[in-house]
Amino acid sequence: MSITQVSKELLKQQGVSLIEVLVALLVLSIGLVGLAGLQSVGLKSNSSAEVRTQATILAYDMIDSMRANRDTAINTSCYLLSMGGTVPSSCNSLATNDLTAWKANLAASLPSGNGSVSNDDTGTRRVITVTVQWDDTRAGGTATQQLSIDTEL
C-alpha cells in the first residue's frame with residue numbers, strides 16, 4: 001500500500017471518532033437523566049414511609065396510654081374522640097392530658113395530622129380503633145392518607 005492510499009483511507013475515517021464520542025455522550029446523558037428520576041422517586045417514597053412510620057408510632061402511643069389508664073378507658077367514654085373533635089373536658093385529668101398531648105403530637109409530627117379514637121363493644125370484648133390521618137401530597141401520595149389500628153384493651 002502506498003502512502004497516498006493510506007492517506008486516502010485516513011481521510012475517509014476522519015470524524016468517525018467524534019461521532020462515536022457524541023453517541024457515547026448521548027447514551028451517558030440519557031442514563032444520568034434516568035438515574036436522577038429514580039433518585040427523585042426514591043426520595044418521595046422515603047418521605048412517605050417516614051410519615052407513615054410516625055403515624056404508626058403515634059397510634060400505638062395512644063393505645064399504650066389507654067392501657068396505662070385501662071379502667072377509665074374501658075368503663076367510660078373519656079378516651080373516645082371523633083376526627084377533628086375536641087377533647088372532652090368532663091373526664092379525669094389523665095385521660096384529658098393523654099388526648100390533649102396526643103392531638104398536639106399529631107399536629108406537630110404529621111402534615112395536617114389528625115386522629116380519632118372509637119370503640120366497638122361486642123359483649124365482653126372492647127375493641128378500640130385508633131385512626132390517624134395526614135396529608136401526603138408532599139410525598140406524591142393522595143391528599144389524605146389514613147392508618148387505623150384495632151386492638152383489644
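The values are calculated or read from the model by the stated rules, or taken from the named source; none is laboratory data. These figures come from a predicted structure and were not determined experimentally. All Cβ positions, even for glycine, are placed from backbone atoms using ideal geometry, and neighbour counts span all protein chains on display. All accessible areas refer to the heavy atoms of the entire protein, side chains included, with ligands and DNA or RNA removed. Shrake-Rupley method; radii C 1.70, N 1.55, O 1.52, S 1.80 Å.
Worth pointing out:
- Residues in the stretch 99-128 that are at pLDDT 90 or above, within 18 Å of Arg67 (Cα to Cα) and open to solvent by 30 Å² or more (accessible area, probe 1.4 Å): Thr100, Ala101, Lys103, Ser118.
- A count restricted to the stretch 74-91 and to residues that are of a type outside the set (Val, Ile, Thr) and open to solvent by less than 60 Å² (accessible area, probe 1.4 Å) stands at 8.
- Only one entry in Asp71, Asp61 is surrounded by 11 or more Cβ atoms within 10 Å (Cβ to Cβ) and at pLDDT 85 or above, namely Asp61.
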